[in-house]
Every structure is written in structure tokens, then in C-alpha cells.
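The values are calculated or read from the model by the stated rules, or taken from the named source; none is laboratory data. Quantities reported herein were computed from a predicted structural model and do not represent experimental measurements. Here Cβ is always computed from backbone atoms with ideal geometry, including for glycine, and neighbour counts include all displayed protein chains. Protein only, heavy atoms only, side chains kept; ligands, DNA and RNA dropped before computing areas. Shrake-Rupley method; radii C 1.70, N 1.55, O 1.52, S 1.80 Å.
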Amino acid sequence: MRSIRTKITLTYILVSVLILIPLVVLLTFEVEEYFRERFVDEIAVQALIVESYLADGAKRGQTREHAAPFLNSISASAGMRITLVDKEGAVIYESAVPDSMLKTLENHSQRLEIIEAKRVGSGTNTRHSTTLDLDMTYVARAVDAKAFDRSALHGLEIVRIGLSAETIDSQVRQIRWTSA
């Protein structure tokens, strides 16, 4: 027969475990959400860098043909997708698609991240990309269209950066297992 002390100890252990498990699960979700938000913030910084590069190039009279290799290089080295969208929602540059296929892309004016960027300056959305057949996280940023009025990118309104949702998920999983 167990002593009262053993019963109390086992009860405390059981109660502690029942309290700790939900707390650990909740904390894990909170940490993962924090890191997802950090990755989105980093994507937003990349969009700002691309916008600054393009605006500076527009001031110097840089042609689209000169900007494209740089954008392709950034896209490839960072593993992200760069899309430039004009005022009507037409894609004027896409790092994941050859220029010859730009006219075949859907109008982007109704994409949630684009709508939000036009409304408040920036927008974020995670959804399936039919072009790449991948789930993607997008950050769109409205640009100062006047900076591009007299440039090869006349009409540019949105810079959008996309990163595979799986890339973000794998980095979050790596953080989860590193901290465990």
C-alpha cells in the first residue's frame, strides 16, 4: 500500500505535467509565430532594398535591361521571387518567369497583398502560386510612382517579394529543434 506522501507526490507531479504540457505547446506556437513574423519583416526589408535600387537606377536613367540581371541575381542568391507590378496590375518583371511569358501572366490587381499595399503601403499574404505550383508568402510594397515617371519602369506601382512557405516553415522547424 502506498503511503500518503507517495500519493501526494504523484498527484503534484501529475498536476504539474498537466499544467506544463499546455504551457509548452502554447509557448512553442508563440515562438513559431514570432519567427514567422520576423521572416516576413525580413522579406519586407528586401522589398525596400529592391525599391531603393530601382528608384536610384531610375534617377540615373537605367534601363529595364540593365536592372533585370541585378534583380535576377538577387532573386537567385536569396532564393526569393521578385515581381514588379504596374498601376493596372500587369506584371512588368518577374524573376521566376522569362520576359517572353510576362504577357501570359494573370493580372495581379486582385491579389490580396497588392490590394493591401495599394491601400496602406504594404501587404502580406500566404497562398498557393499557380505559376510555381508552390505555397508562397508574399510581401508587396507600394512605391512612389513619381520616381519612375520618366524611366524605363514607367507605371511601376508595386514591388513584391515572394518566399516559399516551405522555406519559412523549415527555418521555423530548425529553430524549434535547436531550442528544444
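Computed over protein heavy atoms with a 1.4 Å probe, the carbon and sulfur contribution to the accessible area of the chain reaches 59%.
With everything on Cα atoms, drop me the angle between helix 4-59 and the longest principal axis of the chain, reported from 0 to 90° to the nearest 10. Helix 4-59 sits at roughly 10 degrees to that axis. The relative contact order of region 58-180 comes to 26 percent, based on Cα pairs under 8 Å that sit 6 or more residues apart. Computed with a 1.4 Å probe over protein heavy atoms only, the accessible surface of region 67-180 comes to 53 Å² per residue. Once the Cα atoms are used to define both axes, helix 165-179 deviates from the longest principal axis of the chain by about 40 degrees.
Based on DSSP H segments of at least four residues, each scored -39500 (n - 2.57), the chain has a per-residue ellipticity at 222 nm of -18500 deg cm²/dmol. Taking a ≥ b ≥ c as the square roots of the eigenvalues of the Cα gyration tensor, region 83-134 is classed as oblate, since a/c reaches at least 1.5 and a/b does not exceed b/c.
Once the gyration tensor of the Cα atoms in region 44-180 is diagonalised, the equivalent ellipsoid follows with semi-axes of 26, 16, 15 Å, ordered largest first. Computed extension length for Asp56-Lys87: 9.2 nm, one decimal, from 0.36 nm per residue of separation with the Cα-Cα distance subtracted.
Taking 0.36 nm per residue of sequence separation and subtracting the Cα-Cα distance, how much length would be gained by fully extending the chain between Thr126 and Lys103, in nm to one decimal?
The Thr126-Lys103 span can extend by a further 5.9 nm.
Each residue of region 60-71 is assigned a 3J(HN,Hα), and the resulting list reads 8, x, 5, 7, 4, 5, 7, 6, 4, x, 5, 5 Hz, derived from the Karplus form 6.51 cos²θ - 1.76 cosθ + 1.60 (θ = phi - 60°), x at Gly and Pro.
If you stretched the chain out fully between Leu23 and Ala145, how much longer would it get, using 0.36 nm times the residue separation minus the C-alpha to C-alpha distance?
Value of the extension gain: 39.1 nm.
Sites counted here are trypsin sites (Lys or Arg not before Pro) in a DSSP loop (not H, G, I, E or B) having no more than 11 other Cβ atoms within 10 Å; the longest part of the chain that contains none of them is 61-149.
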